[in-house]
1. How far is it, in nm, from the label point at residue 508 to the one at residue 177 when both lie 7 Å from their Cα along the line to the Cβ?
2. Taking every DSSP beta bridge that has both residues in region 243-331, what percent is antiparallel when rounded to the nearest 5?
3. How would you rank 165, 183, 480, going from fewest to most other Cβ atoms within 10 Å of each one's own Cβ?
4. When the chain is fully extended, how far beyond the present Cα-Cα distance does residue 263 get from residue 244, taking 0.36 nm per residue of separation?
5. Compute the length gained on full extension between residue 209 and residue 492: take 0.36 nm times their separation in residues and subtract their Cα-Cα distance, giving the result in nm to one decimal.
6. If you take every DSSP beta bridge fully contained in region 258-472, what fraction is antiparallel? Give it as a percent rounded to 5.
7. Could you put 502, 393, 557 in order, starting from the residue whose Cβ has the fewest other Cβ atoms within 10 Å?
8. Give me the Debye-computed log₁₀ of I(q)/I(0) at q = 0.16 Å⁻¹ for region 343-382, equal point scatterers on Cα only, no solvent, two decimals.
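Any read-out appearing in this document is the output of simple, stated calculations on the displayed coordinates, not a laboratory observation. What you see is a predicted model, and the numbers here were worked out from it, not measured in a lab. For neighbour counting, all protein chains shown are included, and Cβ atoms are generated from backbone atoms with ideal geometry for every residue, glycine included.
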């Protein structure tokens, strides 16, 4: 890196390997000075008016100062008659009209001739460049809109009111209740026209930058989340255990150094599966876990050290949110509801589903919630349920509980699940690895297998289905037959063929992302936006490996960005988002052992404000401009600002025209932004931004 960028200085740079060269455009000052001289020389209002009516006025003498035929030097000038002046004006108008008609005719003839020539000889070239022309047109229209609306359009966005500090669009429980939603559907996601608010969400008045990983996994700032003292004091179970530290911090460490409930619980589950301990989950084919109603993420935090990746989902909560606290700890989480809609994950996505007192009544709605569990569970995967209802000794004393438990047990059997073990309040089932199990059931057994029309591999918040899905998928591969982690991330040729990909293309994509991540990391040095220039000869220090933790990839493609970060040894997790407007490679991403979700970026992402340390998008703007747009670029950028933590980073890689349009918006969002050229591809540029740290004010 040759020289750092400085806060508040507009400019650009060149992105080549690990170097960053800054270009200064001195010609802009010269152009500005020349423009001022020109404007000064034409300051007269009369001159401006006449010049507008007669563009070629400079060809004729100006006689406005010779009212009495007296020139400026005191001598009499040659008199002109009124008729002569009128004749000259008429002649000028006729010449202008004639010239205009000739120009129009020539333009039409030239356009017609050009159209015929390119239609007959260059049709292939036209279609080849159509995408680039389309992007340029969108960019030009955006710029025209900016100029036509004037300064009002370029005004910086206002800050949201304090009530938006922890607001999540599409999850307004009180509004949903008023609309008539009930029986748990009020917690579902409902995105209406009034869900989007283009304002900047302020951090709470006591907000502090989160502690770096792994310290931040166990200790968070209480001012960064919305939680009451009563909610802290009432947290007692192993998945919801926390304690106050000096009134400013919350600790999730065990209260006793000799006993850790999560560790013992994880060990118990491993033994029930038939493993020595939780360290052997990887060897059993387990890599990704969906934790339903995860508490505060303690189960996933413990398993992360065993190279297991746990995604937490829970309902939206206005205070004491499981999802918000889990994300603040630097662990994967998102808002999701097991009520009336399918989760935005493909079929056969997770190796294990876990529910420890998650508050879901699995015996309700004729078992349709268990069918959804079966849909997202891979063949040979495990469903772990911990609940007082599963305690045999307790249930025997209560006939209603015994009835509910019998329904769940029998329904699991009809789903071709094998109950491996039952200890205390915990039960472990294993999903069948054989498709013919469903055929071998008794005739008329329910639930039935979904027909081809109803078996959608990647639903997007579709109503829950009462049939067994995923059985016809080419991805039906038992977890025992898959490569174990980390080899799973490198799919073989047979697995790639399922998605229509070749090994060479996949290897090239991997190599490109490994190179890109090395370059990104050098650009994310704090010196880029430092207020103090680097001394000549000083080397730029490498950013720490743990400077980032929560990463959002808005257009994940094959998950190459995620893979490259792990290859580089960065201590991050990545939420891989696949836009609904583009090709769906989410099944491939999940099969690689990563986590991700489908999402429509014209809607709010299901998470709380200040969630991610870095937001990355490659090709997202190009993808969205090719669709029938239901939202603006400003809508997208204001949503990014909501998701981003203070002092967080944004990296966009796009075509030059779209980057320039995006760069104009960053000023409205108060972001520090730099445009970096990509030498390997002259048609693309990087836009690297950092969100400032703004806090709300104390009342």
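1. Taking the two extended label points, one gets 5.7 nm.
2. 40
3. 183, 480, 165
4. On the way: separation 19, 0.36 × 19 = 6.84 nm, distance 2.16 nm.
Roughly 4.7 nm would be gained on extension.
5. Numbers: separation 283, 0.36 × 283 = 101.88 nm, distance 4.13 nm.
Extending this stretch completely gives an extra 97.8 nm.
6. The antiparallel fraction comes to roughly 40 percent.
7. Least to most surrounded, the residues fall as 393, 502, 557.
8. -0.41
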